[in-house]
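What follows is a short report on a single structure.
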Amino acid sequence: GGHTITYGGAAGKAHAVHADGIDGSVTVRNGRIVQGAGGGRACHGLRLLAIKAVRVSGLEVTVTGTDADGISIVSVSDDVRVDHCTIHCRTKNVVDRHWPGVAAIRIDDAGGSAQVDHNLIAASPQWGLRLQGKTSTGDVLVHHNVVRGTKALVSNGYMLGIYKRSADVFENDLHGESRGIHVASDGSDGIGCRVHDNVLWVQDQPNPEYTVNHWVHGIKIEGAPDCKVYDNVITGVADDAHAEVRGIDVGLQNHEDQNVRGVEIVRNRVMAVAKTARFRANALMWSEGTAGETNDLVVRHNVLTATDRLIMREWGGGRGALIRDNVLQRDLSLGAEHEFFVEEFGNGGQPNPGNRLLDCYTTLDLFNLFEYHAAKPYDTTREWTLAFVVRNAQGAPVADATVTVTDAKAEQAFRTRTGPDGRAQGTVVQATITNGLAVTQRGPFAVVVSKAGVGTYRATVPVTGRTALDVNLTAGTAAPDDTAPAAPEALFATPLSASRVLLRWSAATEDAGVAAWVIYLDGELVGFTDTMHFVVPGLPAGGVGRFAVRALDLGGNLGAAASALATTRPEDRGPGR
């Protein structure tokens, strides 16, 4: 009711509000809590323990003492909601960052639904939010929170620590000198989480545990099966005072399972930028692959930009996976002379076979690869889609024609048949790179297209990018498709929230077929997709943007743009009434 509670003015244990063992609901709302200078350890603003249901709303909480959480909610059998609170967790001393650590908001073991929304976390030395526990009977939602001004004083300080099954984490705005979002299932339970439509700006600095070199994650997926990470905008910045950047870090092993499956990294925009040469900035970090024969990790349609490394593979290594249809860009903040690599192998822990890059959208040299001296055996490929449009002398499509493609080693790359529209496609391996930086070229490729009663086409074709051939089967000739697609006939931009705009468009005219759509905001490439709709996340509230969409065809030709203006909605994150 608007009261201020000042607690802990004298030495000893104290909490502002302490409820324990209540077989009912507890509501704490609309007031101010301030910790005094008494100096007791683990004296939380709110300490709510073993209660049936909890609602905490509209509080402003400031804590400063050793190991003090702003809000600590533990072992609630039913529903928990924390909303529209402002938390200043100005604790300077974290005794043990492993346990219990310090969090501005801590929720452990909620048995029903758990919702954390529309809060402002204005300071924390470790976690902004720590959400932990096994299965809940209701929805687990973390959304529309704002984190500002956190500064991790210990290693593994994350603005959001998500260690609870099936959590849905979306439309949070995170900006601090600490790591971004951590989803883990290793002694906790981050299985089946969704992390999407968040905006993250991250930095970190060396700490007493890592006094010289350290690293900051935008989003870290650590041993969490079936985790989906999509439509996030991540910016990580390194400079002399801060740590190495790893925009997205993926580890596909935990103590219980060496083959974590079902992880997807899709449609994220990652910007890993080093302002000085002291610490590197890497877009995608591969810290652990699976130990088994297969790896079903999906990394697709991301826009990856970095100053130092686009794809970094080190530590545990393990079996790799297909990385396909991603935009790869170099950030030139440190100039063109600064050392840069598309892919690095530093997997000193175990071999790392099975890495594949397919249909990268880039102007970079994809053979620009670095091998750390302790790298264990690995292999990585450069692969492209080879497409065909098969017609007869009259220009009509030829269905059911046989297409056979063989590489320079006389090994079959693929064999298929044209469909009713005369089209067919497959994947060819341009080259394989193995340990020792040994490059084996697999092209050029022998192509045979034939159909009885129509004709045969034979040729040797180099494939060093997306390639499409327009085949006149009657004449036995072909020409590469070098005609750019038409622009989409219409583009519609609809604001969804303060930070997102939905784009929808019509198809573009294209003979060989559209491989992907390239999305721009105010002239800057921000997205890549194979559907005719896209949500642009990470936008400023109430801002006007000019959006554009261009078609990329199977021959690698980029078409003209369709454009539209849109204004995002007013701010709806953080505290409100």
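The values are calculated or read from the model by the stated rules, or taken from the named source; none is laboratory data. If you're wondering where the values come from, they're calculated on a predicted model, not measured in any experiment. Reconstructed Cβ throughout: ideal geometry from the backbone, glycine too, with neighbour counts over all protein chains shown. Surface accessibility is based on the protein's heavy atoms, side chains included, excluding ligands, DNA and RNA. Shrake-Rupley method; radii C 1.70, N 1.55, O 1.52, S 1.80 Å.
Looking at region 99-113, I want the residues that are within 21 Å of Ile87 (Cα to Cα) and have a partner that is basic (Lys, Arg) with Cβ atoms under 6 Å, at least 6 apart or on another chain. Which pairs are those? What qualifies is Ala103/Arg130; Arg106/Arg130.
Among the residues of region 213-223, the ones that are in a loop (DSSP other than H, G, I, E, B) and open to solvent by less than 10 Å² (accessible area, probe 1.4 Å) come to 2 in all. Within region 62-92, the residues that satisfy the criterion of being in contact with a Leu (Cβ under 9 Å, 6 or more places away or on another chain), farther than 22 Å from Asp109 by Cα and touching a residue at least 40 places away in the same chain (Cβ under 8 Å) are Thr86, Lys92.
Reported count of residues in region 371-400, each being within 37 Å of the chain's Cα centre (by Cα) and without any contact (Cβ under 8 Å) to a residue 60 or more places away in the chain, is 9. When residues of region 224-260 are filtered for being over 16 Å from the mean Cα position of the chain (by Cα) and assigned to a loop (DSSP other than H, G, I, E, B), how many remain? Result for region 224-260: 13. Looking only at region 420-440, decide whether some residue is under 24 Å from Leu558 (Cα atoms) and either modelled with pLDDT under 95 or assigned to a loop (DSSP other than H, G, I, E, B) (or both). Yes: region 420-440 contains one or more residues that are under 24 Å from Leu558 (Cα atoms) and either modelled with pLDDT under 95 or assigned to a loop (DSSP other than H, G, I, E, B) (or both).
Which is of a type in the set (Lys, Arg), in a strand (DSSP E or B) and touching a Gly at 6+ places or on another chain (Cβ under 7 Å), of Arg546, Arg504, Arg550?
Sole residue among the options that is of a type in the set (Lys, Arg), in a strand (DSSP E or B) and touching a Gly at 6+ places or on another chain (Cβ under 7 Å): Arg550.
Please determine whether any residue of region 401-409 is part of a strand (DSSP E or B), under 22 Å from the mean Cα position of the chain (by Cα), at pLDDT 95 or above and buried (at least 20 other Cβ atoms within 10 Å of the Cβ). Within region 401-409, not a single residue is part of a strand (DSSP E or B), under 22 Å from the mean Cα position of the chain (by Cα), at pLDDT 95 or above and buried (at least 20 other Cβ atoms within 10 Å of the Cβ).
So that you can scan it fast, the table gives a plain yes or no per residue for (1) open to solvent by 20 Å² or more (accessible area, probe 1.4 Å); (2) touching a Cys at 6+ places or on another chain (Cβ under 6 Å); (3) under 17 Å from Leu129 (Cα atoms):
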position: Gly1; (1), (2), (3): yes, no, no
position: Gly9; (1), (2), (3): yes, no, no
position: Gly21; (1), (2), (3): yes, no, no
position: Gly40; (1), (2), (3): no, no, no
position: Gly45; (1), (2), (3): no, no, yes
position: Thr64; (1), (2), (3): yes, no, yes
position: Gly70; (1), (2), (3): no, yes, yes
position: Val80; (1), (2), (3): no, no, yes
position: Ile87; (1), (2), (3): no, no, yes
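All of Leu552, Leu558 fail the test of being under 23 Å from Ile323 (Cβ atoms) and either more than 24 Å from the chain's Cα centre (by Cα) or exposed (fewer than 14 other Cβ atoms within 10 Å of the Cβ) (or both), apart from Leu558.
Conditions tested, residue by residue: (1) on the phi > 0 side of the Ramachandran plot; (2) surrounded by 21 or more Cβ atoms within 10 Å (Cβ to Cβ).
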position: Glu171; (1), (2): yes, yes
position: Arg194; (1), (2): no, no
position: Leu200; (1), (2): no, yes
position: Pro208; (1), (2): no, no
position: Thr211; (1), (2): no, no
position: Ala238; (1), (2): no, yes
position: Ala241; (1), (2): no, no
position: Ile248; (1), (2): no, yes
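Among the residues of region 474-486 satisfying the criterion of being more than 30 Å from Ala562 (Cβ to Cβ) and among the aliphatic types (A, V, I, L, M), which is surrounded by the fewest Cβ atoms within 10 Å (Cβ to Cβ)? Reasoning before the result, please.
At the first step, the residues of region 474-486 found to be more than 30 Å from Ala562 (Cβ to Cβ) are 474-478.
Filter again for among the aliphatic types (A, V, I, L, M), leaving 475, 478.
Numbers: Ala475: 12, Ala478: 20.
Here the answer is Ala475.
For every residue, the table says whether it meets (1) outside any strand (DSSP E or B); (2) over 26 Å from the mean Cα position of the chain (by Cα); (3) not acidic (Asp, Glu).
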site	(1), (2), (3)
Ser75	no, yes, yes
Asp78	yes, yes, no
His88	no, yes, yes
Thr91	yes, yes, yes
Val95	yes, yes, yes
Ala104	no, no, yes
Gly112	yes, yes, yes
Gln115	no, no, yes
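Within region 487-503, none of the residues are at pLDDT 95 or above, surrounded by fewer than 21 Cβ atoms within 10 Å (Cβ to Cβ) and within 18 Å of Ala401 (Cα to Cα). Scanning region 320-343 for residues that are surrounded by 21 or more Cβ atoms within 10 Å (Cβ to Cβ) and either at pLDDT below 95 or at positive phi (or both) yields Gly320, Ala321, Asp325.
In region 61-75, which residues are touching a His at 6+ places or on another chain (Cβ under 8 Å) and hydroxyl-bearing (Ser, Thr, Tyr)? Correct list: Thr62, Ser72. Set side by side, the residues Asp257, Asp204 differ, and just one is among the charged types (D, E, K, R), open to solvent by less than 10 Å² (accessible area, probe 1.4 Å) and modelled with pLDDT under 95, which is Asp204. Candidates Val449, Val428, Val471: the one that is among the β-branched types (Val, Ile, Thr), surrounded by 17 or more Cβ atoms within 10 Å (Cβ to Cβ), under 20 Å from Ala387 (Cβ atoms) and within 33 Å of the chain's Cα centre (by Cα) is Val428. Scanning region 515-535 for residues that are surrounded by fewer than 19 Cβ atoms within 10 Å (Cβ to Cβ) and under 10 Å from Arg550 (Cβ atoms) returns Tyr520, Leu525.
Considering each residue of region 152-174 in turn, at least one proves to be among the β-branched types (Val, Ile, Thr) and in contact with a Pro (Cβ under 9 Å, 6 or more places away or on another chain).
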